[in-house]
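Data block below; observations after.
The values are calculated or read from the model by the stated rules, or taken from the named source; none is laboratory data. Keep in mind it's a predicted model, so treat the numbers as computed, not measured. Cβ placement follows ideal geometry from the backbone for every residue including glycine, while neighbour counts extend to all protein chains displayed. For accessibility, only protein heavy atoms count, side chains too; no ligands or nucleic acids. Shrake-Rupley method; radii C 1.70, N 1.55, O 1.52, S 1.80 Å.
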Amino acid sequence: MLFESLDKLKRNSIMSSILLIFLGAIIIICPNQYIASLTLVFGYALVVISIIMLLNYFSSNKALMDYIKFAGGLILGLVGICVLVFRGDIMRVLAGLFGFLLILDGGRTMLHAFTYARRSQRKGWWVLAILSGLLMLTGIFVFANPWWRTPDMLMKVIGCAIFFSAIVSGLRLIWTWPLRKEKGGNEDGE
């Protein structure tokens, strides 16, 4: 059971790292005149992802996790609609959204650090807990900082924070994968 959930975590970590690196590069490279178009694409992407999550709910078994995903889909849809409707004041909304997502990602990484990385018996697993704490602090910094007045500076800060999140996600993959031991290890029940 542990290895099945870790296989799923491994796939999710690889995909999230690749997507975060790609998103961070796009945000950092994007010129100032295309920021409005980038936020418009982001709003439409959130609405499409929300629709997919809501449709998956209707074809699911209606377990507790499906209800959580349904609520997450509703929230993503509302955020996407807000991004599309309030385009003029979108920079503050984006800072809040990315800060909140970084805090959630840091919390998830902290949970994985104590749930899986500690049990993998690798040396230095506590580094992942420290990095997840730094990721949450970065999210708070992006979320609560009123100094990002120019859209260009805010996008650079968000892009760098996303790169940091991708690095932490890759390290989470390394530290959470358990070492296979000979017979008699903790996973064999002895």
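See the values below:
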quantity: Surface accessible to a 1.4 Å probe, per residue, for the residues of segment 54-149, Å²; calculated: 62 Å²
quantity: Peptides 103-109, 139-145, 120-126 ordered by average Cβ neighbours within 10 Å, highest first; calculated: 103-109, 139-145, 120-126
quantity: Cβ-placed point charges (K, R +1; D, E -1), dipole of the chain about Cα centre in debye, nearest 20; calculated: 220 debye
quantity: Where labels lie 7 Å past Cα in the beta-carbon direction, separation of Met65 and Ala144 in nm; calculated: 3.4 nm
quantity: Dimensionless Rg over Rh [the chain; C-alpha; Kirkwood]; calculated: 1.03
quantity: Farthest toward positive dipole pole in segment 13-154 [+1 Lys/Arg, -1 Asp/Glu at C-beta], among Leu46, Asn56, Ile35; calculated: Asn56
quantity: Share of carbon and sulfur in the accessible heavy-atom surface of segment 1-106 [1.4 Å probe, %]; calculated: 75 percent
quantity: Dipole of the chain, positive end: most advanced residue of Phe100, Ile130, Met65 [Cβ charges, Cα centre]; calculated: Ile130
